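Student: Shown below is the structure under consideration.
The values are calculated or read from the model by the stated rules, or taken from the named source; none is laboratory data. Keep in mind it's a predicted model, so treat the numbers as computed, not measured. Using ideal geometry, Cβ is built from the backbone for each residue, glycine included, and neighbour counts are taken over all protein chains shown.
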Amino acid sequence: MARMTGPPSPDGAAPDGAAPDLPPELVPPELARQLEALGAGLVWRVGKDELSDDVVVRLGYASATPRFAFLPRLRSANDAELQAALNENRLVIEWVD
């Protein structure tokens, strides 16, 4: 799964207080394997809320996929809208059980 980040700062710090990306060689192999296994079992939907301009990221285990259909629809959001929502603290993360 890709992670949205802003442009790098001159001092090398992560933008907006985000955790910096670690080079693959610094991630312990067991942790990398566990994260890969977790990612393979997740589904997500990203879009704009019907009633606001908030960008919603819905995340859940693959077993929860049928429950996504019962949630309010999300309008499409392009990369620029996603980045703007992130910069303006209008990004909402929802866990779907």
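Student: If you scan region 47-71, which residues turn out to be surrounded by 10 or more Cβ atoms within 10 Å (Cβ to Cβ) and either among the β-branched types (V, I, T) or over 27 Å from A37 (Cα atoms) (or both)?
Tutor: Correct list: K48, D49, E50, S52, D53, D54, V55, V56, V57, T65.
Student: Starting from region 83-97, take each residue that is under 22 Å from G60 (Cα atoms) and list its partners that are basic (K, R), counting only C-beta distances under 6 angstrom and pairs at least six apart or across chains.
Tutor: Partner pairs satisfying both residue conditions: E94/R58; V96/R58; V96/R67.
Student: Among what's in region 1-32 and is modelled with pLDDT under 65 and farther than 21 Å from D79 by Cα, pick the residue that is surrounded by the most Cβ atoms within 10 Å (Cβ to Cβ).
Tutor: Among them, the one singled out is A13.
Listed here are the residues, each with its yes/no results for (1) at pLDDT 90 or above; (2) not in a strand (DSSP E or B).
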{"residue": "Q34", "(1), (2)": "yes, yes"}
{"residue": "L38", "(1), (2)": "no, yes"}
{"residue": "V46", "(1), (2)": "yes, no"}
{"residue": "T65", "(1), (2)": "yes, yes"}
{"residue": "L71", "(1), (2)": "yes, yes"}
{"residue": "E81", "(1), (2)": "yes, yes"}
{"residue": "I93", "(1), (2)": "yes, no"}
